[in-house]
Amino acid sequence: MERHQDASAAAFREAVAVLPDVISCHLVSGEADFLLQVVVPDLAAYERLLVDRLLKLPSVSDIRSNFAIQTVKSEGPLPLSHLPSAET
């Protein structure tokens, strides 16, 4: 994000929420401000999403992309047995 202001972040969130190719958006710590997970049919579609939509969103100054090459493990059960029970 170019500017770290409430209005800029809110406008970004609203814009991302209506993009059908974006299946999740997370506010993260570290170098990036947001992590988006997108699903597109091919690299040409990703390029269109990137150039025509994402780079034009409010306050977007930089995008860094990573691509999954192979899924090794996906959505295993959460190991929550170590947490205290909500009933106690």
Relative to the chain, whose Cα atoms define the longest principal axis, helix 6-17 and its Cα axis are tilted in degrees, nearest 10, by 90
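Per residue, how large is the accessible surface of the chain? Use a 1.4 angstrom probe and give square angstrom.
Working: 7340 Å² over 88 residues.
It amounts to 83 Å² per residue over the chain.
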So Asp52 and Val72, fully extended at 0.36 nm per residue minus their Cα-Cα distance, gain in nm 4.0 nm
If every Lys and Arg gets +1 and every Asp and Glu gets -1 at its Cβ, then about the Cα centre the chain yields a dipole, in debye to the nearest 20, of 80
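Averaged over every viewing direction, what's the projected area of the C-alpha convex hull for the chain? Give it in nm², one decimal, please. Can you show the working numbers first?
Working: hull surface 34.9 nm².
If I average the Cα hull's projected area over directions, I get 8.7 nm².
Tell me the relative contact order for the chain as a rounded percent, counting alpha carbon contacts under 8 Å between residues six or more apart. Intermediate results must be reported in sequence, preceding the final value.
Values: 51 pairs, mean separation 24.5, N = 88.
Relative contact order here is 28 percent.
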Quick calc: nm separation of the 7 Å Cα→Cβ label points for Ala11 and Leu80 -> 3.8
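Suppose we flag trypsin sites (Lys or Arg not before Pro) only when DSSP calls them loop and at most 16 other Cβ atoms lie within 10 Å. Which is the longest uninterrupted stretch of the chain? Walk me through the numbers before you get to the answer.
On the way: sites that count: Arg3, Arg64, Lys73.
Of all site-free stretches, the longest is 4-63.
The values are calculated or read from the model by the stated rules, or taken from the named source; none is laboratory data. Bear in mind that the values here come from a model prediction, so they are computed numbers and not experimental data. Backbone-built Cβ (ideal geometry, glycine too); neighbour counts: all protein chains shown. Just so you know, the surface numbers come from the protein's heavy atoms only, side chains and all, with ligands and any DNA or RNA stripped out. Shrake-Rupley method; radii C 1.70, N 1.55, O 1.52, S 1.80 Å.
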